[in-house]
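Quick note: the coordinates plus some simple rules give every number you see, no bench work behind them. The model shown is predicted, which means the values in this text are computed figures rather than measured ones. Reconstructed Cβ throughout: ideal geometry from the backbone, glycine too, with neighbour counts over all protein chains shown.
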Amino acid sequence: MTGRRTSQFISTLLSILVSSIFSGALTYSPVYHPRNSDGQDSSVKRRFAVVKSPANAAVAIEAVRYLEEDNWYERLEVEVRNASGKPVYFLEVDVLFPDIVNTELDGVPRKLVLPFTYGRRNLMQKGNRSTPEDIPLGSEDTYVFKIPPFYREMKERLDAVKGILVRVYSVSFGDETGFNAGLPFSFRRE
């Protein structure tokens, strides 16, 4: 990318970020970390932000728990509520760690993303509908995602985290409709 194009790209990203914050599309909630492991007051603060999108109308993020604890990465929980009025058969909620850059796959720097999923992922594809074996998250029901053991083993990397982003990424109502990347979709013929 040339210098001018890079500058335009950065300018565009900054304007999107600023407008997202001021429009309420991105909100921060401070979570204070009052004491460290030896009981002394600590100045470390962790924050979480909920990235808002149309998918939030269907599934609400109710709570992000244990960020204030020293061992938060062992107990992290994200509670969601089905606010859609329809059963949800597949749900992906992503926890993004902007402080951690990962290059393990192909050397390309990427932010670490932890996808929490509920239900069958293939319900996000055309022609796939829910079956009697699928257990839906009913209207107004809540579900608590817990951090998998693999991420608990990343203690050294996760200790550096000062903030996380949480987003509802995908929702399927089991009838070939839902949200993908936060935007509505429908595979049904009308």
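Points worth noting:
- From phi via Karplus (6.51, -1.76, 1.60), per-residue ³J(HN,Hα) for segment 49-59 in Hz, x at Gly/Pro: 10, 9, 7, 8, 7, x, 5, 5, 5, 8, 10
- In this structure, the amide hydrogen of Asp159, modeled 1.01 Å from its nitrogen in the peptide plane, lies closer than 5 angstrom to no residue at least 5 positions away or on a different chain.
- In order through segment 168-174: 3J(HN,Hα) via Karplus (6.51 cos²θ - 1.76 cosθ + 1.60), integer Hz, x for Gly, Pro: 7, 9, 9, 9, 10, 8, x
- Within the same chain, lysines fewer than 8 places from Lys146 are excluded, and of the rest, those with a Cα less than 28 Å from its Cα are Lys45, Lys52, Lys86, Lys111, Lys155, Lys162.
- Neighbour-count order for Val101, Val51, fewest beta carbons within 10 angstrom listed first: Val101, Val51
- Taking the convex hull of Cα positions in segment 26-186, its mean projected area over all directions (nm²): 10.6 nm²
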